[in-house]
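S.K.: Before I ask anything, here is the structure I am working with.
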Amino acid sequence: QKLLLQLLICLFVLRVCSVLGHVTYSVPEEMTIGSLVGNIAPDLDLDVQRLKSGKARTYGTEYVELNKERGVLVIKERIDREALCGQTTPCALDFQIILENPMQFYSITVEITDINDNAPSFKKPEIKFDMSETAQVGSKYVLEKAVDEDVGLNGLQSYSLSVNDNFDLNPYTIGSRSNVEMVLKKPLDREKQDRVFLVLTAMDGGNPQRSGTIQIVVTVLDANDNAPVCSQTEYKMDVNEIAMKGTILATISASDADEGPHGYIQYSITNIPKGAMDLFEIDRDSGEFRLLGQLDYEKFPRYEMDILASDVGGNTDVCKVIIDVLDINDNPPTINIMSVSSIISEDVKVGTVLSMINVQDPDSNENGKVHCTLDQHNYFKITSTSKHFFTLVTDSELDREDMSHYNITVTCSDEGVPSLSSSVTLTLKISDVNDNAPVFERSSYEAYIVENNAPGLSIFTVKATDADWNQNARVSYILEDSSVNGVPVSSYVSVSADSGVIHAVRSFDYEQIKDFQFRIKVQDGGSPPLSSNVTVKMLIQDQNDNPPQVLYPVQTGGSVVAEMVPRSADVGYLVTKVVAVDVDSGQNAWLSYKLQKATDRALFEVGSQNGEIRTIRQVTDKDAVKQRLTVIVEDNGQPSRSATVIVNVAVADSFPEVLSEFTDYPHDKEYNDNLTFYLVLALAVVSFLFITCLVVIISVKIYRWRQSRILYHSNLPVIPYYPPRYSDTLGTGTLPHVYNYEVCRTTDSRKSDNKFGGAGGQNVLIMDPSSTGTMQRIQSEKTHIDFKRSSAPWIAPELL
Ligand SMILES: *[C@@H]1O[C@H](CO)[C@@H](O)[C@H](O)[C@H]1NC(C)=O
Ligand SMILES: *[C@@H]1O[C@H](CO)[C@@H](O)[C@H](O)[C@H]1NC(C)=O
């Protein structure tokens, strides 16, 4: 304004005064003081004298002064265009040079040209931004503009931003009203770089170029943009199943790149298997992972769960925890009997299954591998069919008779160290099969029985045993059918089925049967029954129950039989031979003969062994015709039995002589040494009997026609039969001794054999006074047969 004012004054003056010229100069600003602006003298056409004389001076400026000596304008004061004109262009100094004498003035214009003396500059040294790291790409941030006093090219021309990854400057045109902006081109990451330092440079276009800078500090604010990260994605641990409660199994750690609460991690268990809820815990803050309960490999061999690591912002990471429980051999095998037969038959095949066994061992590997053994390994074995199943089978043939039951102990042990085992005992009964036949105690039996036993007498006992059991061992004895002499053996003996006692069914008679055999079968009660048999030989022992039987001379009772000895007979003449037999045997049948009584002992002798009666001296005429010898025949039994025979000898040369002698010869029964006594006694008896007999004889005679007289004479051992009433014909009325014996038999059966009368002979005279004296020699076949068919005790049919 001041300038403008001066200019206006000058214009006014120029009208009044003379404006003698106008000169324009151009100088750059900031010239040093004294620097030349222009040679004013020549330019105004003035010489230096005039300047001096005219006292030339500048008017209207303090920056330029006139050097009158040299006639030049020089810089008087520093000229700052920016101060002088600001942004105005062009910038000029208008002033006058005034001269006196004459007064003249000249207008001078000094144009001040800009020099790049000002750099662009910012008001503040730095700009601060707080930016969230989550800031979006494209976000704009207005920056401060720079100021450059210079003008034109020397003024602000452009901005630039220091090289960085995240920001760019928006294009900016000088002169526009728009802002200087930077744009986020790449997201920030606090975790990488929490502060970004940038320099914004403002540049002018001068030469040399000047620039100004401002620091931009971007503080990246944390956002919870980072999740926690587990230090291991998987925590694997092997834990002994007997680990104590409270054991720290692991410390889980996770890191979070965020800071502050965004980076504060808390831990929790998640995805835990149901059964493991109360088994584990994790410390929220420290991440210590602890065992809370008791592990059991057998229930849960492995646990898998996740640990959740979360920051406050809710970001999480999950790390896996795998716990392998290590097995300890803490379980013995358990044996389960699935099925068992407690009784088996002794005839089962080898390999028969007795029991199915299931063995479980919850432990693993070696600790759970089980093998089973038996104590009765000779008879049974245990085989494994599949992993946990075993079968118990027979391994040999069984024999109940050897072993009727077994206690089989099955022991199963695992292979752990130390091994655990358990065992179970099965009791197996062996049932009987009828596989054993009864066996007699002896291979054959010989039994003795003395004859004349009582029927029903128990003779002896056979015994058989059967190794089987119960019914299979119940033996019964059976007499096997056979016949002895054509008669079933059952009529001889019987066997008690239960006891094996053999009974005699009848009374045996050694003289009929000496021995016989039969078989006894023993049979058990099995089905089918088994049996065996044994031979029993029965030997009947002799008893001296038979007296000798005199076969000759025939004792005819009433008849008188006599041997004839001629008077001319020499010494040693064989008169006759007493023939006797004894149906007993052995000693009981060993007979000896003795002369018991004789009319003349000196005349005869009896051969003790052979019974021959011989004369021992010459017969003389003095010898009586009638000689009577009583010979006693004795056997050698204990006690011995004897028989006597009366031998009548007629010492005569002719038959009539004999007859006359013998007709009144009394028949005497017994002789004794005391002959006289017996004669008297005999006389009395005979007299009595004679009268009795007379009565009897009359009646007997009536039936005589049907009576037969049987004489039987045969070779040994056929026993003659002498009918009991044969002697009833005795004329003397004496009862024959045979008959007496029969009567007695009812009380003493031993004497029953005496029914056999001595009979038979050769060259025998039978004289029967009561009859016509016929001599009879009869052989009876019939008697013979009767005897053989009879059974003991034999009873003469006539007596029954
Ligand atoms: C089997 O066991 C039972 C009872 O424990 C016992 O009485 C019997 O004698 C045992 N048998 C054998 C052959 O050991
Ligand atoms: C008796 O036993 C033998 C073998 O000891 C046998 O050969 C025979 O057949 C048996 N007899 C009977 C009748 O059973």
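S.K.: Can you tell me what share of the DSSP beta bridges in segment 439-541 is antiparallel? A percent to the nearest 5 is fine. Present the calculation step by step, with values, prior to reporting the outcome.
M.R.: Numbers: 23 of 30 bridges.
Rounded to the nearest five, the antiparallel share is 75 percent.
S.K.: Fully extended, how many nm does the chain gain between Val48 and Ser26 (0.36 nm per residue separation, minus their Cα-Cα distance)?
M.R.: On the way: separation 22, 0.36 × 22 = 7.92 nm, distance 2.23 nm.
Additional length available on full extension: 5.7 nm.
S.K.: Using the Cα centre of segment 178-332 as origin and beta-carbon charges of +1 (Lys, Arg) and -1 (Asp, Glu), tell me which of Thr270, Val220, Cys230 is placed farthest towards the positive end of the dipole.
M.R.: Toward the positive end, the furthest listed residue is Val220.
S.K.: So which lysines can Lys369 reach, going by Cα to Cα under 26 Å and dropping same-chain residues fewer than 8 places off?
M.R.: Lys299, Lys381, Lys387
S.K.: On a straight-distance basis, which aspartates and glutamates could pair with Lys597 in a cross-link, Cα separation under 17 angstrom, same-chain partners fewer than 8 positions away excluded?
M.R.: Glu563, Glu605, Glu612, Asp623, Glu634, Asp668, Glu670, Asp673
S.K.: Provide the packing ranking of 633-643, 268-278, 538-548, 450-460, i.e. peptides ordered by the mean count of other C-beta atoms within 10 Å per residue, highest first.
M.R.: On the way: 633-643: 18.4, 268-278: 12.7, 538-548: 21.5, 450-460: 14.7.
Going from most to least packed, we get 538-548, 633-643, 450-460, 268-278.
S.K.: Where in segment 426-465 does the label zone of His405 land, with the point 7 angstrom along Cα→C-beta and an amide N cut-off under 14 Å?
M.R.: 426-432
S.K.: Taking just the C-alpha trace of segment 118-223, give me its Rg and Dmax in Å.
M.R.: 14.5, 47
S.K.: Could you compute how fast segment 589-633 diffuses translationally, taking Rh as the Kirkwood radius over C-alpha pairs and applying Stokes-Einstein at 37 °C with viscosity 0.692 mPa s? Give it in µm² per second.
M.R.: On the way: Rh = 11.1 Å.
Estimated diffusion coefficient is 297 µm²/s.
S.K.: I'd like to know which of Ile328, Met244, Asn315 lies farthest towards the positive end of the charge dipole of segment 225-328, counting +1 on Cβ of Lys and Arg and -1 on Cβ of Asp and Glu.
M.R.: Going by the Cα projections, it comes out as Ile328.
S.K.: Something else about it: Looking only at Cα atoms, what is the convex hull volume of segment 442-521 per residue, in Å³?
M.R.: Details: hull volume 6.8 nm³, N = 80.
Cα-based convex hull of segment 442-521, divided per residue, equals 84 Å³.
S.K.: Can you check what the Kirkwood hydrodynamic radius comes to for segment 225-328, Cα pairs only, in Å to one decimal?
M.R.: Numbers: mean 1/r = 0.0721 Å⁻¹.
Computed over Cα pairs of segment 225-328, the Kirkwood hydrodynamic radius comes out at 13.9 Å.
S.K.: Relative to the Cα centre, what is the charge dipole magnitude of segment 118-223, using +1 at the beta carbon of each Lys and Arg, -1 at the beta carbon of each Asp and Glu, and rounding to the nearest 20 debye? Before the final figure, lay out each step's value.
M.R.: Working: 12 positive and 15 negative charges, 28 e Å.
Computed charge dipole of segment 118-223: roughly 140 debye.
We did not get these values from a lab; they are worked out from the coordinates using the rules stated. Keep in mind that this is a model prediction, so the values were computed, not measured. Note: ideal-geometry Cβ built from the backbone for every residue, glycine included; neighbour counts use all protein chains shown.
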